[in-house]
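Contents: one structure, followed by commentary.
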Amino acid sequence: MIILGIESSCDETAAALVTGDRRVLSHRLAGQEAAHTPFGGVVPEIAARAHVEALEPLIAAALADAELTLAEVDAIAATAGPGLIGGVMVGLVTGKALAHAAGKPLIAVNHLEGHALSPRLSDPDLAFPYLLLLVSGGHCQLLLVEGVARYRRLATTIDDAAGEAFDKTAKLLGLGFPGGPAVERAAALGQPTVPLPRPLKGSPEPHFSFAGLKSAVSRAAGQHPAEDLAASFQLAVVECLIDRTAQALRSLPAGGKRPTALVVAGGVAANMAVRSALHTLAREHDLRFVAPPLWLCTDNAAMIAWAGAERFAAGLTDPLDIAPRPRWPL
Ligand code: KG4
Ligand code: ZN
């Protein structure tokens, strides 16, 4: 089984070809950093136009890399939400057009499901159910992944996502855009000496909150070396993520099957401090720890193709008139 995946929900245009037995035949990515940098963040209108320009040649290149034609693909999976509506429409309409023209099934993939199932692409031994910390630019959730299309949300953020806090911190510290990797690099050069809050730490529900931390960084900016503030911020985020995940582990739904692993996915999962702290937590709870390789953490189309492969194998396809969804909880 060969699936073409298309991703365009934020500022990465991507196309990939993935097989049902976990081979990534090709994956192409066109970032839009240069277009958004002058604005210090993603501008939806600019993103949508850039997707229009980049997507078709990118799909052609992904097919050429894999030495395949569209006729040899079994199904087309495109992100149908959540995300910036203009970009989602570009990718979904393109997927529909290709599916119609080539007479192939369409699979409308929830971007969050792409992240949620991505660890199963890189780790063939990862079995359901697993406890997933999904941390990206738009989301921060704890999910019990019970199967394909079976997600039980245990917690979410009551305000900002962790990635958003990284991006805002980078902006406040003048570290540039995108923020996560810039904060991580700066943090490596500093000491976590600045006292910052750990919102919701110790609270009984495993929810997240990062708005107060963001404001605290804003107040402290300019009064400490940027590297020390970056290190202090990163430590605070890590401690919040670990405390909340530990709380979720302690309060797993009664009577449910024990998770086979603690898993992290999404852009913030590319952060080494986050990965290593979660690894330690998993060990303490006698759980296996699974994190996708870095390229599979941040937005890409291989995870969309893989989610498509999992859905296709489960008999889940979608009609060509399915609508894009800017908001779409798992
Ligand atoms: O999953 P993703 O690529 O896009 C969304 O679906 O949101 O996540 C992007 C987010 C951004 O906020 C980015 O700053 C953050 O992931 N990120 C990181 C790192 N790499 C990306 N955050 C912390 N450390 C990193 N190394
Ligand atoms: Zn994402």
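Here are the numbers for this structure:
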item	result
At q = 0.17 Å⁻¹, base-10 log of I(q)/I(0) for the range 41-129 (Debye sum, equal scatterers on each alpha carbon)	-0.87
Rounded to 5, the percent of DSSP beta bridges in the chain classed as antiparallel	60
Dipole of the range 78-172, positive end: most advanced residue of THR169, VAL109, HIS139 [Cβ charges, Cα centre]	VAL109
Rounded to whole Å, sorted largest first: equivalent-ellipsoid semi-axes of the range 125-291, Cα gyration tensor	29, 15, 14
Per DSSP, loop trypsin sites (Lys or Arg not before Pro) in the range 161-204 with at most 16 further Cβ within 10 Å	LYS201
Qualifying trypsin sites (Lys or Arg not before Pro) for the range 219-288 [loop in DSSP, other Cβ within 10 Å: at most 15]	LYS257
Estimated 222 nm signal from helices in the chain, with DSSP H stretches of n ≥ 4 weighted -39500 (n - 2.57), rounded to 500	-13500 deg cm²/dmol
Computed Rg/Rh of the chain, alpha carbon atoms with Kirkwood Rh	0.98
Degrees, to the nearest 10: 272-284 long Cα axis against longest axis of the chain	80
Lysines whose Cα lies under 24 Å from that of LYS168, excluding same-chain neighbours fewer than 8 positions away	LYS201, LYS214
Prolate/oblate/rounded label for the range 252-298 (Cα gyration tensor, a/c 1.5)	prolate
Rule-of-thumb Rg ratio for the range 194-330 [Cα; 2.2 N^0.38 Å; N residues]	1.29
For the range 101-248, share of DSSP beta bridges that run antiparallel, in % to the nearest 5	90
Under 27 Å from LYS96, Cα to Cα: lysines that are on another chain or at least 8 residues apart	LYS104
Local electrostatic count, THR193, Cβ distance below 12 Å [Lys/Arg +1, Asp/Glu -1]	-2
Rounded to 10°, Cα long-axis angle of helix 111-122 versus longest principal axis of the chain	90
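Read-outs: derived from the displayed coordinates by stated rules, not from any lab. Please read these numbers as outputs of a predicted model, since none were measured by experiment. Virtual Cβ from ideal backbone geometry, glycine too; neighbours counted across all protein chains shown.
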